[in-house]
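A short worksheet on the structure shown next.
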Amino acid sequence: PASHHLLAARDPRGLGRRDAALQGLLATSVATSVFQAVHNLNWLRDQTGSSFDDWIVAAICLGSIGIIALMTRIRALPLPSGVFLAIGGLTYPLYLLHQKLGYVILTAVGGAEPALAAAAIVLGMVGLSWLVWRYVERHAQRWTKQRLTGWAARWAQSHHKHPAQSSA
């Protein structure tokens, strides 16, 4: 959810913004996140035949936002920068994979113990996300950056006017 972006909004002194408009936007974002999480359970129940408690899902959503809020207050962690790079790199593949593939697998194992199935799927999606980030996404980023940089340089060169040409 966009809540984490609002939580991280800070003024130049690093004190955090406290104005009413931002706080109202944060409250609306949190309420929308909880509503969407609970509302989407009907579809998930229909697809998987599993039961999910609305209150537990709402608590997980609020707890996640609370953890993010606390994390915005941390100034430094004694972890190598590579750990943070990997965690950041996993987020988008994990989002994409769990959103599609995770639900497909959860539906396929409908008769299994829901908590065990969910835990196994999450672990599998994290592992698969790491593989995608490590062996696909990073290489694709390098390739894309090289191509776009080359195209931009050629475009700039073809559209660059020399001062002597523009004054004539």
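The values are calculated or read from the model by the stated rules, or taken from the named source; none is laboratory data. Here the structure is a predicted model, which is why all the values come from computation and not from measurement. Because the Cβ atoms are built from the backbone with ideal geometry, glycine has one as well, and the counts that use them run over all protein chains shown. Accessible surface is based on the protein model in full, side chains and every heavy atom, while ligands, DNA and RNA are left aside. Shrake-Rupley method; radii C 1.70, N 1.55, O 1.52, S 1.80 Å.
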### Task
May I ask you to derive the FRET efficiency for Gln157 and Gln47 from their Cβ-Cβ distance with R0 = 41 Å, giving the value to the nearest 0.05?
0.15
### Query
In the stretch 68-105, which trypsin sites (Lys or Arg not before Pro) are in a loop and have at most 15 other Cβ atoms within 10 Å, using DSSP for the loop call?
Arg73, Arg75
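Assuming R0 = 25 Å, what is the FRET efficiency of Val104 and Arg134, from their Cβ-Cβ distance, to the nearest 0.05?
On the way: r = 23 Å, r/R0 = 0.92.
The value I calculate is 0.65.
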### Query
If you rank Glu137, Glu113 by how much accessible surface each has, with a 1.4 Å probe, what is the order from largest down?
Glu113, Glu137
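Report Rg/Rh for the stretch 41-107, rounded to two decimals, where Rg is the Cα radius of gyration and Rh the Kirkwood radius. Mind showing how you got there, number by number?
Working: Rg = 15.9 Å, Rh = 14.7 Å.
Here the Rg-to-Rh quotient is 1.09.
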